[in-house]
Amino acid sequence: MSLWKSRSSGNQQNRVQKEDLVSRIRKDIPRIRKQGENPERDTSSFSRSFCDLCNSPFPNTDLRQCILCGRWACPSCWTGEYYVCNSCNGMITLYTLSDKNSR
Ligand SMILES: [Zn+2]
Ligand SMILES: [Zn+2]
């Protein structure tokens, strides 16, 4: 599953605005896990855990914890730009769009 847009990152100003957006969105996203909480272990393997989005097992080193909802995401469920999972990135995109409309 590849939903990533392949455009190069925008200018610095735009990026700073979006980081401010992330802190606002944080209040609206329910926490699935606490920060620092471990991902769901794959009981058939010591070094693998489940991605909270696609429920597939991945090596622990491939999983990252979303800074917004706390879910663990594999590389294909992860948006590196904001350190969030694809689900929260969808929220960021929505907020970005409504932000533009209100101005
Ligand atoms: Zn995944
Ligand atoms: Zn998330």
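The values are calculated or read from the model by the stated rules, or taken from the named source; none is laboratory data. Just so it is clear, the model here is predicted, and its values are computed rather than measured. Backbone-built Cβ (ideal geometry, glycine too); neighbour counts: all protein chains shown.
Note down all Cβ pairs under 6 Å where the first residue falls in segment 69-86 and is over 18 Å from K34 (Cα atoms), the second is in a loop (DSSP other than H, G, I, E, B) and near ligand 1 (Cβ under 9 Å from one of its atoms), and they're at least six residues apart or on different chains.
Close Cβ pairs satisfying both conditions: S76/M1; C77/C51; C77/L53; C77/C54.
Taking P75 and the conditions (1) within 16 Å of ligand 1 (Cβ to nearest atom); (2) over 11 Å from the mean Cα position of the chain (by Cα), which numbered condition does it fall short on, given that it satisfies the others?
(2)
What are the pairs, 6+ residues apart or on separate chains, where a residue within segment 27-51 that is over 17 Å from R64 (Cβ atoms) has its Cβ under 9 Å from a residue that is hydroxyl-bearing (S, T, Y) and not in a strand (DSSP E or B)?
Pairs that qualify, where the first residue is over 17 Å from R64 (Cβ atoms) and the partner is hydroxyl-bearing (S, T, Y) and not in a strand (DSSP E or B), are D28/Y95.
Can you say whether P39 is modelled with pLDDT of 95 or more and either in a loop (DSSP other than H, G, I, E, B) or more than 26 Å from S98 (Cα to Cα) (or both), as far as the supplied structure shows? Spell out how you get there, then give the answer.
Numbers: modelled with pLDDT of 95 or more: yes; either in a loop (DSSP other than H, G, I, E, B) or more than 26 Å from S98 (Cα to Cα) (or both): yes.
Spelling it out, P39 is indeed modelled with pLDDT of 95 or more and either in a loop (DSSP other than H, G, I, E, B) or more than 26 Å from S98 (Cα to Cα) (or both).
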